[in-house]
1. Explain nothing, just the number: relative contact order of the stretch 8-79, from Cα pairs under 8 Å at least 6 residues apart, as a whole percent.
2. Based on the Cβ-Cβ distance from Lys37 to Met1, what FRET efficiency comes out when R0 is 22 Å, to the nearest 0.05?
3. Would you mind computing, in nm to one decimal, how far apart the modelled labels at Lys12 and Asn44 are, each placed 7 Å from Cα along Cα→Cβ?
4. Tell me, what ³J(HN,Hα) does each residue in the stretch 16-24 have, in order and in whole Hz, if you take phi through Karplus 6.51 cos²θ - 1.76 cosθ + 1.60 with θ = phi - 60° and put x for Gly and Pro?
5. Please calculate the 1.4 Å probe accessible area of His76, with all protein chains present, and give it to the nearest 10 Å².
6. Step through the table entries Lys12/Lys56; Lys12/Lys37; Lys12/Lys45, compare each Cα-Cα distance with 22 Å, and write down the pairs that go over it.
7. Could you provide, to the nearest whole Å², the per residue accessible area of the chain with probe 1.4 Å?
8. Roughly speaking, what is the stretch gain from Tyr65 to Ala77, that is 0.36 nm per residue apart minus the C-alpha to C-alpha distance, in nm to one decimal?
Amino acid sequence: MFKGNISLDEVKAYLLQQGIEYNPHIDVRNTYKKQYKNRPADFNKHLKLGTSRDPKLSFRIHFEYDAEDDVIVINHAGKHLPTTKS
């Protein structure tokens, strides 16, 4: 998708078939202090498995695409991150 070989809509449709939801943004009030290449890591793009905040029932993968190195960087994988709603 990041290289233009497939559209975001195609990716989202495929993910939904697998029971995974793509979310391109997090609430702007939520900030996390991880660094990537000497700058704040981007936690916006994430995949959501499950809707619960219970880590036994859900899983999140926050990632960003680094076009310079042509890699997908995983900034967080695991339970739902703490939020202003938590």
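The values are calculated or read from the model by the stated rules, or taken from the named source; none is laboratory data. What you are looking at is a predicted structure, and each value in this text was computed from that prediction instead of being measured. Note that we place each Cβ from the backbone using ideal geometry, even for glycine, and neighbour counts take in every protein chain shown. To get the accessible areas, we keep the full protein, side chains included, count just its heavy atoms, and leave off ligands, DNA and RNA. Shrake-Rupley method; radii C 1.70, N 1.55, O 1.52, S 1.80 Å.
1. After rounding, I find 23 percent.
2. On the way: r = 21 Å, r/R0 = 0.97.
Efficiency for this residue pair is about 0.55.
3. A separation of 1.5 nm, rounded to one decimal place.
4. Ordered by residue, 3J(HN,Hα) equals 4, 4, 8, x, 10, 10, 9, 10, x Hz.
5. Accessible area of His76: about 40 Å².
6. Lys12/Lys56; Lys12/Lys37
7. 71 Å²
8. That works out to 2.8 nm of additional length.
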